[in-house]
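What follows is one structure encoded as structure tokens, with my remarks underneath.
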Amino acid sequence: MNRIFISFLLAVLFFSANTAFSQDKKTITTSFWVGGVCEMCKARIERAVDVKGVRNANYDLEHHTLEITYVPSKISIEKIHVLLNEAGHDTSVSKSTDEKYDSINSCCHYRELHENH
Ligand SMILES: [Cu+2]
């Protein structure tokens with residue numbers, strides 16, 4: 001009798017833990033424009049969002065888009081844009097400060113390139 005009850009309890013515990021786990025793992029994949037011109041930009045952009053809550057990030061140099069998979073319960077999309085701005089990169093949503101932009105290598109100054117196109 002007791003053993004059955006314990007097994008039942010364990011089953012309930014396992015089920016609820018499992019539910020919490022799958023909710024926690026729910027991810028969103030999205031992509032948006034990020035200013036960048038070279039492999040150094042790509043590395044900097046991907047490193048900037050290599051934080052807790054981000055599962056995967058891939059910057060497409062040709063199209064200037066970042067595809068990112070993140071866990072919304074752990075990090076917000078707004079925070080992701082801020083991290084990119086802090087690394088010196090403008091996004092479709094928000095801009096980097098001139099100070100941060102100037103601090104990245106001059107060969108990475110994508111604003112000139114994007115203005116000319
Ligand atoms: Cu660059």
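Computed from the coordinates by the stated procedures, all read-outs in this text should not be read as laboratory data. None of these values were measured; they are calculated from a predicted model. Note that we place each Cβ from the backbone using ideal geometry, even for glycine, and neighbour counts take in every protein chain shown.
With Cβ to Cβ distances under 12 Å as the rule, what net charge do the other residues near Val51 carry (K, R +1; D, E -1)?
On the way: positive: Arg47, Lys52, Arg55, Lys74, Lys79; negative: Glu46, Asp50, Glu86.
Local charge sum for Val51: +2.
Need one number: nm distance between label points at Thr97 and Trp33, each 7 Å from Cα along Cα→Cβ, rounded to one decimal. If labels sit at Thr97 and Trp33, their model points lie 2.5 nm apart. Simple spin-label estimate for His109 and Lys52 gives 3.8 nm between the two label positions (7 Å along the Cα-to-Cβ direction from each Cα). The aspartates and glutamates whose alpha-carbon is closer than 14 Å to the alpha-carbon of Lys26, local same-chain residues fewer than 8 away aside, do not include any residue.
Calculated on the Cα set of segment 26-116, radius of gyration then Dmax: 12.4, 40 Å. Sequence neighbours fewer than 8 away in the same chain don't count; with that in mind, list the aspartates and glutamates whose C-alpha is under 16 Å from Lys95. Cα-Cα hits under 16 Å: Glu78, Glu86, Glu112, Glu115. Applying the Karplus relation 6.51 cos²θ - 1.76 cosθ + 1.60 with θ = phi - 60° to segment 35-40 yields 3J(HN,Hα) values of x, x, 10, 9, 4, 5 Hz, where x marks Gly and Pro. To the nearest 0.05, how large is the calculated FRET efficiency for Glu67 and Ala43 if R₀ is 22 Å and r is the Cβ-Cβ distance? The formula returns an efficiency of 0.90 here.
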